[in-house]
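The structure appears right after this line, and notes come after that.
The values are calculated or read from the model by the stated rules, or taken from the named source; none is laboratory data. These numbers were taken from a predicted model, which means no experiment stands behind them. Note: ideal-geometry Cβ built from the backbone for every residue, glycine included; neighbour counts use all protein chains shown. For accessibility, only protein heavy atoms count, side chains too; no ligands or nucleic acids. Shrake-Rupley method; radii C 1.70, N 1.55, O 1.52, S 1.80 Å.
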Amino acid sequence: MLKGAVNRRRATEKDLPRDEKTLRSLLDPSRLPRHVAVIMDGNGRWAVKRGLPRSVGHRAGADSLREIVHLCAELGIGVLSAYAFSTENWRRPSEEVNFLMNLFVEYAGREVGELKRNGIRTRVIGRVDGLPPEVLDAVRMLEEETREGTRLVLNLAVNYGARWEIVDAVRAIAGEVQAGKLEPEEIDEAVIGTHLYTAGLPDPDLRIRPAAEFRVSNFLLWQLAYTEFYITPVLWPDFGRVDFLQALVSYQRRERRFGGVNR
Ligand code: IPE
Ligand code: IPE
Ligand code: MG
């Protein structure tokens with residue numbers, strides 16, 4: 001009994017099949033997460049393990065993202081949020097930061113056509129104004145070109161920090177109060193939700209973190225209130241369709257209670 005309960009609560013599961021067909025047969029298509037959030041971590045370790053520069057890992061990580069984005073669209077998951085660059089990642093050496101910024105521009109240019117064709121509305125969440133001009137141009141282009149997409153919403157978190165997201169929301173709300181458009185008593189969870197970068201989207205049902213890290217690292221703090229966490233040792237550049245499907249199967253084995261009791 002106790003063993004079963006512990007197994008159900010594991011953040012990751014070792015006994016899952018490793019082939020796509022079996023995993024798909026285990027999935028209940030009517031209970032897929034509406035929103036999946038992924039922290040694309042482990043690119044550096046992946047490269048270092050191979051004696052390669054970290055930049056090679058970041059490039060391989062961009063390929064993993066492409067694979068997972070199109071799988072989400074194929075499965076009918078409504079929203080995918082992918083953490084690409086945090087407000088804390090500016091602390092890295094400037095060569096790495098520059099490489100990541102250039103990689104984003106390159107990714108946007110290379111992927112925009114396929115994203116558009118597949119109906120993937122791509123948005124960048126984060127403090128976009130703090131990005132270099134050429135990155136901001138790529139953000140605008142990507143958002144504009146894909147805005148008609150209805151199959152999947154892809155949130156790319158770039159210069160994203162959840163605390164800054166909350167700061168921005170508080171500032172906007174304070175401005176509305178000051179302008180007499182909103183009474184302080186009217187501020188509730190819904191009002192805060194509509195001032196976040198994810199306004200109008202459901203909260204993530206599932207959050208995946210590769211590279212065996214158990215941290216939140218300032219990602220979607222408000223929105224993760226009742227999200228299920230899945231953690232895998234697989235490094236992001238190695239993370240593929242099978243790994244994503246395993247996370248979905250694990251998610252479907254969880255019992256979500258939202259503070260209530262399930263009868
Ligand atoms: C994630 O991989 C990519 C970014 C944070 C931009 P890392 O670069 O953090 O890889 P590790 O954690 O050092 O392995
Ligand atoms: C989180 O990974 C940010 C992104 C994946 C973009 P980090 O590698 O920056 O996180 P920490 O430093 O290990 O918490
Ligand atoms: Mg990392």
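Going by the structure shown, is Arg66 among the basic types (Lys, Arg), assigned to a helix (DSSP H, G or I) and more than 16 Å from ligand 3 (Cβ to nearest atom)? For Arg66, the condition - among the basic types (Lys, Arg), assigned to a helix (DSSP H, G or I) and more than 16 Å from ligand 3 (Cβ to nearest atom) - is met. In this structure, is Arg171 more than 16 Å from ligand 1 (Cβ to nearest atom), loosely packed, with under 13 Cβ neighbours inside 10 Å and within 17 Å of Ile39 (Cα to Cα)? Taking the combined requirement at face value, the residue does not satisfy it. Checking each residue in the stretch 79-88 for being within 16 Å of the chain's Cα centre (by Cα) and either among the β-branched types (Val, Ile, Thr) or surrounded by fewer than 18 Cβ atoms within 10 Å (Cβ to Cβ) (or both) picks out Val79, Thr87.
Cβ-Cβ distances below 9 Å connect the following pairs, each with a first residue in the stretch 90-102 that is within 17 Å of Val56 (Cβ to Cβ) and without any contact (Cβ under 8 Å) to a residue 24 or more places away in the chain, a second residue that is of a type in the set (A, V, I, L, M, F, W, C) and in a helix (DSSP H, G or I), and a separation of six or more residues or different chains: Arg92/Leu100; Val97/Trp90; Asn102/Val135. Taking the stretch 40-69 as the range and being open to solvent by 30 Å² or more (accessible area, probe 1.4 Å), more than 8 Å from ligand 1 (Cβ to nearest atom) and in contact with a helix residue (DSSP H, G or I) (Cβ under 8 Å, 6 or more places away or on another chain) as the test, the residues that pass are Arg50, Pro53, Ser55, Val56, Arg59, Asp63, Arg66, Glu67. If you go through the stretch 17-39 and keep only what is part of a helix (DSSP H, G or I) and open to solvent by 70 Å² or more (accessible area, probe 1.4 Å), you end up with Lys21, Arg24, Ser25, Leu26, Pro29, Ser30, Arg31. The set of residues in the stretch 217-231 being in contact (Cβ under 8 Å) with a residue 24 or more places away in the chain and either surrounded by fewer than 22 Cβ atoms within 10 Å (Cβ to Cβ) or within 14 Å of ligand 2 (Cβ to nearest atom) (or both) consists of Ser217, Asn218, Phe219, Leu220, Leu221, Trp222, Leu224, Tyr226, Thr227, Glu228, Phe229, Ile231. In the stretch 112-130, the qualifying residues are those that are surrounded by 20 or more Cβ atoms within 10 Å (Cβ to Cβ) and not in a strand (DSSP E or B), and the one that is nearest to the chain's Cα centre (by Cα) is Gly126. If you go through the stretch 37-63 and keep only what is within 11 Å of ligand 3 (Cβ to nearest atom) and over 13 Å from the mean Cα position of the chain (by Cα), you end up with Gly42, Asn43, Gly44, Arg45, Trp46, Arg54, Gly57, His58, Gly61.
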